[in-house]
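**Student:** Got a structure for you, written out below as structure tokens; questions coming shortly.
The values are calculated or read from the model by the stated rules, or taken from the named source; none is laboratory data. Please read these numbers as outputs of a predicted model, since none were measured by experiment. Virtual Cβ from ideal backbone geometry, glycine too; neighbours counted across all protein chains shown. In case anyone asks, the SASA skips ligands and DNA or RNA and just uses the protein heavy atoms, side chains included. Shrake-Rupley method; radii C 1.70, N 1.55, O 1.52, S 1.80 Å.
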Amino acid sequence: MAINRQFFFDQTRATLFDGAFKQAQVDGLTAILDKWEKESPNADDRWLAYMLGTVHHESGRTMQPVRETFANSDAKAISILNKAFGAGKLTWVKKPYWVLDSEGKSWLGRGLVQLTHKTNYEKLSKAIGVNLVQDPTLAMDLDVALKIMFVGMRDGLFTGIGLPDRFSKTVERWREARQIINGLERADLVASYGKAYYAAISYTVGP
């Protein structure tokens with residue numbers, strides 16, 4: 001059965017988007033639901049819900065691919081990151097991964113979830129069959145960003161922990177699911193988004 005889109009959008013509009021959508025948000029949500037129904041219709045609904053909750057957080061509720069810092073260009077993002085690093089605000093960063101390399105490429109965060117560092121671009125390139133190393137800005141394309149998120153979160157390619165490790169027949173760990181992406185940073189908040197999306201997932205009645 002297909003996800004009941006009317007119920008889904010009515011519920012998420014009220015609980016997660018302050019009563020009103022922007023078209024880009026609808027487009028992003030629709031793209032995620034479409035990909036899920038096409039490729040993973042029999043998988044655990046909690047996987048979908050947590051992916052949606054993750055995008056809600058990582059994209060700043062835009063539901064579209066974004067750059068780290070939400071800048072509208074790589075140059076602006078690099079400038080913001082350099083300033084923050086210089087001010088000692090990025091204490092977890094040992095070496096600035098966003099600085100342009102010898103080929104003029106930056107490996108700053110991009111996508112529906114933030115893909116950072118060249119090694120991760122290389123890993124996801126192989127996993128999804130898109131050459132992100134040749135052009136890392138492809139991670140800003142919605143279709144590519146969807147592939148990165150679905151495969152990366154399912155197969156544990158970001159941190160070694162995947163959706164099946166946190167949601168299965170015997171496991172349900174919404175808070176710890178944040179470890180799929182980024183330790184326990186904002187874990188409770190992202191879990192709350194995931195649970196809200198989960199409550200909005202229902203199905204149309206079959207014939």
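**Student:** Between residues in the range 73-89 that are at pLDDT 95 or above and residues that are outside any loop (DSSP other than H, G, I, E, B), which pairs lie under 6 Å by C-beta distance while being six or more apart or on different chains?
**Tutor:** Ala77/Arg67; Ala77/Glu68; Ala77/Thr69; Ile80/Thr69
**Student:** Consider Val99 carefully, then state whether it is open to solvent by 70 Å² or more (accessible area, probe 1.4 Å) and either within 24 Å of Leu48 (Cβ to Cβ) or of a type in the set (A, V, I, L, M) (or both).
**Tutor:** yes
**Student:** What's the total number of residues in the range 139-194 that are closer than 17 Å to Thr116 by Cα and over 15 Å from the mean Cα position of the chain (by Cα)?
**Tutor:** 1
**Student:** Within the range 18-29, which residues are open to solvent by less than 50 Å² (accessible area, probe 1.4 Å) and under 17 Å from the mean Cα position of the chain (by Cα)?
**Tutor:** Ala24, Gln25, Val26, Gly28, Leu29 - these are the residues of the range 18-29 that are open to solvent by less than 50 Å² (accessible area, probe 1.4 Å) and under 17 Å from the mean Cα position of the chain (by Cα).
**Student:** Could you tell me which of the residues Ile3, Ile32 is open to solvent by less than 40 Å² (accessible area, probe 1.4 Å), more than 19 Å from the chain's Cα centre (by Cα) and hydrophobic (A, V, I, L, M, F, W, C)?
**Tutor:** Selected residue: Ile3, the only one of Ile3, Ile32 that is open to solvent by less than 40 Å² (accessible area, probe 1.4 Å), more than 19 Å from the chain's Cα centre (by Cα) and hydrophobic (A, V, I, L, M, F, W, C).
**Student:** Hey, which of the helices (runs of 4 or more DSSP H) in the range 114-207, taking only ones fully inside, have at least 1 residues that are within 30 Å of Phe7 (Cβ to Cβ), at pLDDT 95 or above and open to solvent by 30 Å² or more (accessible area, probe 1.4 Å)?
**Tutor:** The qualifying helices (runs of 4 or more DSSP H) are 142-155, 163-166, 187-200.
**Student:** Residues of the range 35-55 being open to solvent by 10 Å² or more (accessible area, probe 1.4 Å), within 15 Å of the chain's Cα centre (by Cα) and within 20 Å of Asp141 (Cα to Cα), which ones?
**Tutor:** Of everything in the range 35-55, just one residue is open to solvent by 10 Å² or more (accessible area, probe 1.4 Å), within 15 Å of the chain's Cα centre (by Cα) and within 20 Å of Asp141 (Cα to Cα), namely Lys35.
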